[in-house]
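Shown next, in structure tokens, is the structure this report addresses.
All of the numbers you see were taken from the coordinates with simple rules; none came from a lab. Because the structure is predicted, anything quoted here is derived from the model rather than measured. Cβ placement follows ideal geometry from the backbone for every residue including glycine, while neighbour counts extend to all protein chains displayed.
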Amino acid sequence: MSGPAGTPGHVAENVASVRARIRAAGGDGVSLVAVTKTHGYDAVEQAFAAGCDAVGENYVQEMAGKFAGHVPAGPVHMIGAVQTNKVRRIAGLVSLWQTVDRPSVIDEIARRAAAGGCADILLQVNTTAEAAKSGCGEDEIDVLRGRAEAGGLRVLGLMTIGPTDGDPALTETSFRRLRRLCDAQGLGICSMGMSGDFELAVSCGSTMVRVGTAIFGERPPKR
Ligand SMILES: *Cc1c(COP(=O)(O)O)cnc(C)c1O
């Protein structure tokens, strides 16, 4: 299902190829978030130079170090699990919180937003019923959205991560579910699709894909 993995050192070409594959899957106007986790700040610069719409980072510590002393040329999205006590550390850097899935995190982001931080969030939904996966249940969306909006946050859309085993039928079910939920909520951003499944996500109605490996090559194994 996935295309060839990206070749490191050819970021602009890889981005062009990912864009072409998105268009071929029917995704005109889909935002491309380049996932720069584990890569240096040069990857961030290359991604923006190649016309990516945003970069995505997963780890607070890594992010804070990487961006220190830099002014990125475009938006930085938080796409990793957020702990409440770490929100503050990156609140000045993040322009979209993609993984909001519980009241404590909503309240902390709202507190930082009131102090001038970013107020734009996506609610992460667990569409796969895998217990280990983060994301709220479908039945929690209304309550979390209400709490976020009451706290002054803007809920711009929903985000999901497809099933870990990558079975295409299950992945499609999960993506179609998120698209339906976005429609039911009247929300514009439907963030789904990674290197291995972004074309399927686009064909299911994704408006924002998060792509790392197909742009920057394989990541080094986790320390
Ligand atoms: C790492 C990550 C991605 C990118 O994964 P690739 O398979 O390298 O494209 C996308 N979304 C999230 C939430 C991630 O953690």
- So which residues in the range 40-66 are of a type outside the set (Gly, Ala, Ser) and part of a loop (DSSP other than H, G, I, E, B)? Cys52, Asp53, Asn58, Tyr59
- Query: Hey, among Gln98, Gln83, which residue is under 18 Å from the mean Cα position of the chain (by Cα), within 12 Å of the ligand (Cβ to nearest atom) and over 20 Å from Gly40 (Cβ atoms)?
  - Reply: Gln98
- Query: Taking the range 23-35, which residues are crowded, with 17+ Cβ neighbours inside 10 Å and either more than 16 Å from the ligand (Cβ to nearest atom) or over 24 Å from Ile121 (Cα atoms) (or both)?
  - Reply: Ala25
- Only residues in the range 69-88 that are within 14 Å of Asp107 (Cβ to Cβ) count as the first member; pair them with residues that are of a type in the set (D, E, K, R), Cβ under 7 angstrom, at least 6 apart or cross-chain, and list the lot. Thr84/Glu108; Val87/Glu108; Val87/Arg112; Arg88/Arg112
- Task: Would you check which residues across the range 36-79 are crowded, with 21+ Cβ neighbours inside 10 Å, polar (S, T, N, Q) and within 12 Å of the ligand (Cβ to nearest atom) and list them?
- Result: Thr36
- Query: Which of the residues spanning the range 125-169 are touching a Cys at 6+ places or on another chain (Cβ under 7 Å) and without any contact (Cβ under 8 Å) to a residue 40 or more places away in the chain?
  - Reply: Asn126, Leu158
- Message: Just to be sure I understand the filter: pairs with C-beta atoms under 8 Å, separated by 6 or more residues or on different chains, first member in the range 170-198 and in contact (Cβ under 8 Å) with a residue 24 or more places away in the chain and more than 17 Å from Arg145 (Cβ to Cβ), second member of a type in the set (A, V, I, L, M) and surrounded by fewer than 18 Cβ atoms within 10 Å (Cβ to Cβ). Which pairs pass?
- Response: Ser195/Ala5; Gly196/Met1; Asp197/Met1
